1. Give Tyr99, Tyr55 a once-over and let me know the one that is under 25 Å from Phe17 (Cβ atoms) and either within 16 Å of the ligand (Cβ to nearest atom) or within 20 Å of the chain's Cα centre (by Cα) (or both).
2. Count, please, the residues in segment 287-322 that happen to be within 15 Å of the chain's Cα centre (by Cα) and open to solvent by 60 Å² or more (accessible area, probe 1.4 Å).
3. Filter segment 302-336 down to the residues that are in contact (Cβ under 8 Å) with a residue 60 or more places away in the chain and β-branched (Val, Ile, Thr) and list them by number.
4. Could you count how many residues in segment 251-277 are open to solvent by 60 Å² or more (accessible area, probe 1.4 Å) and either more than 20 Å from the chain's Cα centre (by Cα) or more than 11 Å from the ligand (Cβ to nearest atom) (or both)?
5. Which residues, taken from segment 164-178, are closer than 15 Å to Ile291 by Cα and crowded, with 24+ Cβ neighbours inside 10 Å?
6. Here's a check for you: in segment 207-229, which residue that is assigned to a helix (DSSP H, G or I) and over 19 Å from Ile162 (Cβ atoms) is farthest from the chain's Cα centre (by Cα)?
7. Provide a single number: the residues in segment 126-146 that are surrounded by 24 or more Cβ atoms within 10 Å (Cβ to Cβ) and either among the acidic types (Asp, Glu) or over 19 Å from Leu272 (Cβ atoms) (or both).
8. Here are some conditions: (1) within 16 Å of the ligand (Cβ to nearest atom); (2) among the charged types (D, E, K, R); (3) more than 17 Å from the chain's Cα centre (by Cα). Arg284 meets all but one. Which one does it not meet?
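The values are calculated or read from the model by the stated rules, or taken from the named source; none is laboratory data. Since we're looking at a predicted model, the values are computed, not measured. All Cβ positions, even for glycine, are placed from backbone atoms using ideal geometry, and neighbour counts span all protein chains on display. Ligands, DNA and RNA are excluded from the accessible area calculation, which covers all protein heavy atoms including side chains. Shrake-Rupley method; radii C 1.70, N 1.55, O 1.52, S 1.80 Å.
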Amino acid sequence: MKAVGVKNGKGNADALFIEDGVPDPVPTSNRILVRIKAFGLNRMDIMQREDRYPYPLLPESGKIMGVEFSGIVENKGPDCSGDFQVGDKVFGLAYGGAYAQKIAVSEKMLMHLPSTLSFEEAAGIPETSFTAIQAVHLVGNLQPGQSVLIHAGASGVGQSAIQIAKVGGASTIFTTAGSDEKCDLCRSLGADFAVNYRSGEDFSEVVKRETNGRGVDLIVDLVGRDYFHRNMSSAAMDSRMVLVAALSGSKVDDFDLRALLNKRIWLMATTLRTRAADYQGQLRDLFSEKILPHIKSGEVKTTVDKVFPWTQVSDAHKRLESNVNAGKIICLVNDD
Ligand SMILES: NC(=O)c1ccc[n+]([C@@H]2O[C@H](COP(=O)([O-])OP(=O)(O)OC[C@H]3O[C@@H](n4cnc5c(N)ncnc54)[C@H](OP(=O)(O)O)[C@@H]3O)[C@@H](O)[C@H]2O)c1
């Protein structure tokens, strides 16, 4: 088969190329072989491309990038017990290997493609939605009637988290984003307050004002260093903060642990790709039960920023690196 390779093993976006003669994956045990139609891009792909991925990759990850895809079932391993049949349209999560014509993944990480979704829409759903449902519900334990602050609201994870919080009955959703257009998008997805951090407005002041000084019950943070102190002032008593990424940096100056003690803040962090297949299967089931019906009905939106043919994967990576995207960047895979 063909797959996206990186010239000399690591490099910038221009180092990406379509490599021929890559061995086909084999669907052993409970794995399903899928002919890929589309894959979604994620920031971890950039780190993997540059050979600076921050966590040890599992053996299942392999060398090929890509953790989410859509496609058609081509073959099944001998131990498959689910209801996937050859020819079914599916989408799913992977430890790696989605930048290719074929992938073999555990049946626990696959879902049937709803008829209302295209291959390109579905390919960008699993990574951000599973991460968001993990942050909002499984780890963040959002309860109906609670308030939430979601940073980088127009990012893939952010957009998904806003909508998951809305469906989950959040009372007030605060968010931050880097332009007025992105803030409008966040509001259209259900945010009650969207703060353009480039306008000079301070999100912690907005939270303080709108909650009468109480703060929010849950913070989903993707930004890290630049927002840490203001997150502490935005947190309510007995609140939770779930750290999903540290886009602005990971080292926080002058952090006094008393900030946590004073308000009994639970500070948690979580990752998806490093999780066992059973855990990811649990997220898939949670997503399928709580969110997929709302995606099918159109109530929860999946925003595709731009679709590229996979022969232009370098341009797709450059767009992701430029931060201009609002939603998922997708590549369509050719069969030939
Ligand atoms: N823990 C996990 O398991 C997990 C899973 C998936 C993703 N992630 C991480 O979550 C982050 C978001 O992923 P994504 O796919 O949703 O990203 P995305 O759709 O590409 O969006 C990222 C957005 O973050 C904002 N941003 C970037 N740098 C910033 C900064 N210094 N301060 C404030 N905002 C900044 C930018 O929007 P603005 O214009 O609004 O600034 C950018 O467009 C990435 O770091 C990714 O690696 C973690």
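1. On the way: Tyr55 fails: under 25 Å from Phe17 (Cβ atoms).
Of Tyr99, Tyr55, the one residue that is under 25 Å from Phe17 (Cβ atoms) and either within 16 Å of the ligand (Cβ to nearest atom) or within 20 Å of the chain's Cα centre (by Cα) (or both) is Tyr99.
2. Summing the residues that are within 15 Å of the chain's Cα centre (by Cα) and open to solvent by 60 Å² or more (accessible area, probe 1.4 Å) in segment 287-322 gives 1.
3. Hits for segment 302-336 are Thr302, Thr303, Val304, Val307, Thr311, Val313, Ile329, Ile330, Val333.
4. 13
5. Applying the first criterion (closer than 15 Å to Ile291 by Cα) to segment 164-178 yields 164-170.
Within segment 164-178, Ile164, Ala165, Ala170 meet the criteria.
6. Of segment 207-229, the ones assigned to a helix (DSSP H, G or I) are 207-210, 225-229.
Add one more test, that the residue is over 19 Å from Ile162 (Cβ atoms), and what stays is 208-209, 225-226, 228-229.
Details: Lys208: 28, Arg209: 30, Arg225: 20, Asp226: 21, Phe228: 21, His229: 25 Å.
It comes out as Arg209.
7. Qualifying residue count, segment 126-146: 1.
8. (3)
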